[in-house]
1. Lysines within cross-link reach of Lys392: Cα-Cα under 20 Å, excluding same-chain residues under 8 positions apart?
2. Using +1 at the Cβ of each Lys and Arg and -1 at the Cβ of each Asp and Glu in the chain, identify which of Gly175, Pro140, Val193 lies farthest towards the dipole's positive end.
3. Taking neighbour counts of Cβ atoms within 10 Å as a proxy for exposure, in what order, fewest first, do Val301, Val39 appear?
4. Figure the gain on full extension for Glu407 and Ile297 (residue separation times 0.36 nm, minus the Cα-Cα span) and round it to one decimal in nm.
5. Could you grab the relative contact order for the chain? Cα pairs under 8 Å, six or more apart, rounded to a whole percent.
6. Computed FRET efficiency, Cβ-Cβ of Ser163 and Asn205, R0 30 Å: what is it to the nearest 0.05?
7. Above 20 angstrom, tally the Cα pairs of segment 154-229 and express them as a % of all pairs, no decimals.
8. Which whole-percent values make up P(r) of segment 250-365 when all C-alpha to C-alpha distances are grouped in 5 Å steps starting at zero?
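Only the coordinates and a few stated rules stand behind these numbers; no lab work does. What you are looking at is a predicted structure, and each value in this text was computed from that prediction instead of being measured. FYI the Cβ positions are ideal-geometry reconstructions off the backbone, even for glycines, and counts take in every protein chain you see.
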Amino acid sequence: MKRYQINSSTIRHARIQDCDWSYLKWFNNPTEIRQFKAVRENAKAIRFICSPTEAVQLEAVKASADNIKFIKHPTLNAQLVAVTKSGHCIKYIDNPSEDVQIAAVKGYGRALKYIENPSDTVILAAINRNPLSLQYVDNPAEEIQIVAVNSNPLAIQFIKHPSDEISWIAIKQDGLAIEFIDNPSIEMQLAAVRQDGLAIEFINNPSDEVKWEALNQSVFAIEYIKDASHDMKWTAINKFGETIRFIDNPSNEMKWAAIKQFCGALEFIDKPTGAMQLAAIKQDGRLIRFVNNPSSILKLVAVSQNGTAIEFIQEPTLELQHMAVNQTGFAIQFIQNPNEEIQLSAVLQNGRAIDFITNPSEDIKLAAVKQCGWAIANMENPSEEVKLAAVKQCGMVIEVIEDPSEEIKLAAVSQEGFAVQFIKNPSEEIINAAIAQSSLAIQFITNPSIDTKLIALQQNDWSMEFM
């Protein structure tokens, strides 16, 4: 075809116009204008330019710092722009200057791992950005160690054989840093657990003094105390019953103390007595989920305390279902195929419980909106009667009713004058009814009439503010 009857130079130019920048490599020394055009349209075109000018290099790395890897001999300015944007890009630069190294680690401390034999100045810049960059430094100077550990005490893990000074700096800030200290002194152990009781996990053969200090700082330290004394166990349980989970073979007295302190401790007690179960469930009915084959009494206590506990009762009786929904209507969501009577009890307790009823009857819908007008919010195709009952209970519900009739509009504003804000082009009758209910509803009326203003002013002088 005629369009192919052109010379190779024209073909190359056409390709460039179509952004196929790989064809740049066929050019010998493309002009700076052509280079610019290429990298502006697609910065990665820099890979096809053998000797880009500094301006072109800058254009490419400003678009994406990673483009520095396509430049064989990037200028200092291009290097600085690239590593300032993304410090890790220093790995693409051969023999970067100290200025480039500093620029890289100031933005990304971990870029230090790509730098061979960094100076103390570069190391400090990296540590100031991210103290954990210390891991990339072999045999750091004491000064550098201090800076790192002061900023993040856990940086001590990257120091071989830290001095006592470094160890103390770390422990005072974070007791858990003792994990990385070999053979800490008793004083260090005490300081560590006073800062964080859980630090005892990393102390070998702690003394009773250290154990007590840890326990006083955090009762959960009991988890890491081997051969805890009787008194230590009691101290933990009395402070927080849940700690019984960390105590082997607790006595019945301990179990009782745990439940009295925290009923949820029932979950962690092996073979609790029926009385223990009852005591816990009286405080939180939903704890019945931790009881195997609960008795009828436990079931009754559970749902009377929290109706939603019925979720964990298999094949609940009608009596239990009634108790549950009377305690909270929302319990109906955990009852399979509830009958009409259960549904009615649920919505009478909380109208919004209708959200969990499949295909509710008209009577259930009416009962629901009479209890809570907003129960209509998720109903499909509610009847006029249901809509009317809903706005009579809460006028603001008209916001979610599509194409309300005049009767419904009037009922809504009669219940709550502010409901007029959700009515498009309200009639004079609707406006007056809204103002009669609340004179401040005039703020939602566009261009109110003189009569409407007078009615509002007669009720409340404050309505003048909205006229």
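1. Within reach: Lys365, Lys370, Lys409, Lys424.
2. Pro140
3. The fewest-first ordering by Cβ neighbours comes to Val301, Val39.
4. 34.5 nm is the gain from fully extending Glu407 to Ile297.
5. 4 percent
6. For Ser163 and Asn205, the calculated efficiency is 0.80.
7. 22 percent
8. Spelled out bin by bin, segment 250-365 gives 2, 14, 23, 18, 14, 11, 8, 6, 3, 1, 0, 0 percent.
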